[in-house]
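First comes the structure, then the notes that go with it.
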Amino acid sequence: MHMLRTLLLLTLGCFCANALADRQQDPELGKLLQQALTAGQCFEDKYDQQVWLAAMEPQLKRILQDQAERAEILYHVHCEAKRLQLPPGLIMSVIDVESRFDRWAVSYAGAVGLMQVMPFWPRELGMSNEELVRIPQNIRMGCTILKFYLDREKGDYTRALARYNGSVGRRNYSDLVLTRLANRWQYR
């Protein structure tokens, strides 16, 4: 099954170059992604991490049955939220809307994984497309992209989320993510 999924991901990555989100191919963003992927491991306050896990794990358990995968997702979301100074609930909301926490998800546009990262990024960064389904890499790349757009839009969630999704000028996606944030993934 794993081999079939990997083959599907590699194939889809080749056919989806014309997707709307490919407008994300900003050289500055590419440099940030390269830096993010070479950044060191996350060293966190264990108490803070335990509070996060206790708050979010029951909610995620309703969606994702695999305990090890839940723990890995929550760890990396918390780590990237700290590293990039992003609200962890916002990251959870993006993942919920983008993939419903399915790391094998592939969109009609060819975006892959939890945070639906476009497959041109691995090629640009000298990685394999298979890395897009790996939880740490996908979350790190997705969070770096989200932070880039939040900075570019001076903290405006609606505009940054529209850029993240490739839907600039439309509010459907942004409104959906922000509703999930308010109703399901609010943290602190």
* Answer yes if at least one residue in region 143-163 is at pLDDT below 95, over 11 Å from the mean Cα position of the chain (by Cα), among the small types (Gly, Ala, Ser) and at negative phi, and no otherwise. => no
* Structure fact -> Exactly one of Arg83, Arg103, Arg123 is part of a helix (DSSP H, G or I), closer than 24 Å to Ala182 by Cα and not β-branched (Val, Ile, Thr), and that residue is Arg83
* Looking at Ile73, is it in contact with a Phe, Trp or Tyr (Cβ under 8 Å, 6 or more places away or on another chain) and part of a helix (DSSP H, G or I)? -> yes
* To do: Please state which one of Asn165, Asn129, Asn138 is touching a helix residue (DSSP H, G or I) at 6+ places or on another chain (Cβ under 8 Å), touching a residue at least 24 places away in the same chain (Cβ under 8 Å) and surrounded by fewer than 23 Cβ atoms within 10 Å (Cβ to Cβ).
  => Asn129
* Search result, residues across region 119-142 that are among the charged types (D, E, K, R) and more than 12 Å from the chain's Cα centre (by Cα) -> Arg123, Glu124, Glu130, Glu131
* To do: Output the residue which, of all residues in region 168-181 that are hydrophobic (A, V, I, L, M, F, W, C) and under 20 Å from Ser99 (Cβ atoms), is surrounded by the fewest Cβ atoms within 10 Å (Cβ to Cβ).
  => Leu176
* Does at least one position in region 149-164 carry a residue that is part of a helix (DSSP H, G or I), polar (S, T, N, Q) and more than 20 Å from Ile73 (Cβ to Cβ)? -> yes
* Among what's in region 86-100 and is part of a loop (DSSP other than H, G, I, E, B) and in contact with a helix residue (DSSP H, G or I) (Cβ under 8 Å, 6 or more places away or on another chain), pick the residue that is surrounded by the fewest Cβ atoms within 10 Å (Cβ to Cβ). => Pro87
* Candidate set: region 60-81, residues that are among the charged types (D, E, K, R) and touching a helix residue (DSSP H, G or I) at 6+ places or on another chain (Cβ under 8 Å); chosen: the one surrounded by the most Cβ atoms within 10 Å (Cβ to Cβ) -> Glu80
* region 141-159: number of residues that are crowded, with 22+ Cβ neighbours inside 10 Å and among the small types (Gly, Ala, Ser) -> 1
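The values are calculated or read from the model by the stated rules, or taken from the named source; none is laboratory data. Everything numeric here is computed off the predicted structure, so don't read it as measured data. Reconstructed Cβ throughout: ideal geometry from the backbone, glycine too, with neighbour counts over all protein chains shown.
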